[in-house]
Amino acid sequence: HQGRMHVDIMAFPNQYFYGKTLKILPEYCKVDQESTLEYQLSENPTDLEKQLIGKRIGYISTKVDFESETSKTNSDEARWIAKLVDTYCKIYKTNNRPIDFNKTIGIITPYRAQIAQIKDELRQYNKGYENFSVDTVERYQGSAREVILISLCLNRESQLDSLVSLSTDGQVDRKLNVALTRARKHLIVVGNEVLMQMSPIYWKLVKAFGRINKT
């Protein structure tokens, strides 16, 4: 039983990592399992804002960063993560919901270089967004946020070898499981779709989460 994730967020890890045995604590169902998202749009909403208020989970396909010297940074992913942070903060403020740097939004990415890249993008908004936690999945174990944004930082096929961490029986991607299950209310994954197709579990995630239109 779990008392963290909304049922829509729980669906993917429950099917692929827990053999459909995961259930929600009864008391949590009563308190925080609202079936619809009751957010109001801001006065001049962007297309991204319109899409996010109706989603618990989503996926954004990004470009490979050919200029990354070590392949451990992806500027397109970093820009989209910063844009997502700004949009969620806008949604929260419009709906008079508190924004807490320790509780509201968390960002997970595999490399320290990408952590720095994302923080640089967040600083450009001049709103203190860099104070949101940006860290590796290992450092996030045991933590939770209302909104989790995942930057896979995919530039090469070889990176999938370190990104995927299978259990001893080869059935569960432990890193992905931890990353996905940190979210309470919203979960967005950002990464290159062509490379994600090369991993069976990540391709299933793309199809299950649904693409967010970037135009």
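The values are calculated or read from the model by the stated rules, or taken from the named source; none is laboratory data. None of these values were measured; they are calculated from a predicted model. In this analysis, Cβ positions are derived from the backbone assuming ideal geometry, glycine residues included, and neighbour counts consider all displayed protein chains. Surface areas here come from the heavy atoms of the whole protein model, side chains and all, with no ligands, DNA or RNA. Shrake-Rupley method; radii C 1.70, N 1.55, O 1.52, S 1.80 Å.
Tabulated data for the structure shown
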item: Residue pairs meeting the criteria (Cβ under 7 Å; at least 6 apart or on separate chains; first free of Cβ contacts under 8 Å to residues at least 40 places away in the same chain, in region 43-69; second of a type outside the set (Asp, Glu) and part of a loop (DSSP other than H, G, I, E, B)); result: Lys50/Leu41; Ile53/Leu37; Ile53/Tyr39; Ile53/Leu41; Gly54/Leu37
item: Among the residues listed as Gln197, Gln159, the single one being among the polar types (S, T, N, Q) and open to solvent by 20 Å² or more (accessible area, probe 1.4 Å); result: Gln197
item: From the options Ile148, Ile99, residue that is under 18 Å from Ile9 (Cβ atoms), touching a strand residue (DSSP E or B) at 6+ places or on another chain (Cβ under 9 Å), at pLDDT 95 or above and not charged (D, E, K, R); result: Ile148
item: Close pairs from region 75-87: first closer than 21 Å to Ile99 by Cα and touching a residue at least 12 places away in the same chain (Cβ under 8 Å), partner part of a helix (DSSP H, G or I) and small (Gly, Ala, Ser), Cβ under 8 Å, at least 6 apart; result: none
item: Enumeration of residues in region 19-30 that are modelled with pLDDT under 70, farther than 12 Å from Arg4 by Cβ and open to solvent by less than 100 Å² (accessible area, probe 1.4 Å); result: Cys29
item: Single condition Gln33 does not satisfy, out of (1) modelled with pLDDT of 95 or more; (2) touching a His at 6+ places or on another chain (Cβ under 9 Å); result: (1)
